[in-house]
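*Asks:* My questions will all concern the structure given below.
Every number in this text was worked out from the coordinates using simple rules, so none of it is lab data. Because the structure is a prediction, the values reported are computed rather than measured. All Cβ positions, even for glycine, are placed from backbone atoms using ideal geometry, and neighbour counts span all protein chains on display.
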Amino acid sequence: MKNLTLKALFVSAIAAMTMNVQAADDVYGQCIADAENVIATAKKDGSTAAQALEQKTDVATCMAELAKIEAKYGDKTVGLNPSSVMTPEDRAAWSKLFDAIDAKQFKGVPFLQASYYR
C-alpha cells in the first residue's frame with residue numbers, strides 16, 4: 001500500500017509541474033500568436049485592419065513574461081543589455097517576445113514592413 005501511495009504522489013507531482021510549465025508556455029505562446037496574427041493581417045489587409053483585431057493578451061502581460069525571462073539572471077544584468085548575459089535559448093525566446101510586444105503595439109520592423117509592403 002505504501003508503494004502505491006508513493007507512486008501516486010510522484011505522478012501527481014509530475015502532473016502539477018507539467019501544468020505549471022504549460023501555463024507559462026501558454027502566455028508566451030499567446031503573445032507570439034497575437035503578434036503573428038497582427039503581422040499577417042497587416043500584410044493581407046493593411047495596418048487599419050490589424051489595429052482593429054482583438055488580441056488575446058495585453059502588452060502588460062507580455063511584458064511580465066519578458067521580465068520573467070530577465071529575472072533568471074538577477075544582478076548580472078545591472079547596467080547591461082539583458083541579452084548579453086543570457087543563454088542562447090533564453091536570448092532567442094527573449095528577442096522573439098520583444099519583437100512580439102512591438103508588433104502588438106503596432107510598431108517594430110516586422111509589423112511596419114508587413115503593413116508598408118503589402
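*Asks:* For the stretch 47-53, what does the Karplus curve 6.51 cos²θ - 1.76 cosθ + 1.60, with θ = phi - 60°, yield as ³J(HN,Hα) per residue in whole Hz, taken in order and with x for Gly and Pro?
*Replies:* 6, 5, 5, 5, 6, 7, 5
*Asks:* For each of ARG91, ARG118, count neighbouring Cβ atoms within 10 Å of the residue's Cβ, then give the residues from fewest to most.
*Replies:* ARG118, ARG91
*Asks:* Turning to a different aspect of this structure: What's the FRET efficiency of THR87 with ALA40 using the Cβ-Cβ distance as r and R₀ = 35 Å, to the nearest 0.05?
*Replies:* 0.70
*Asks:* Just the number, please: Stokes-Einstein D of the stretch 66-118 in µm²/s, Kirkwood Rh from C-alpha pairs, 20 °C, 1.002 mPa s.
*Replies:* 176
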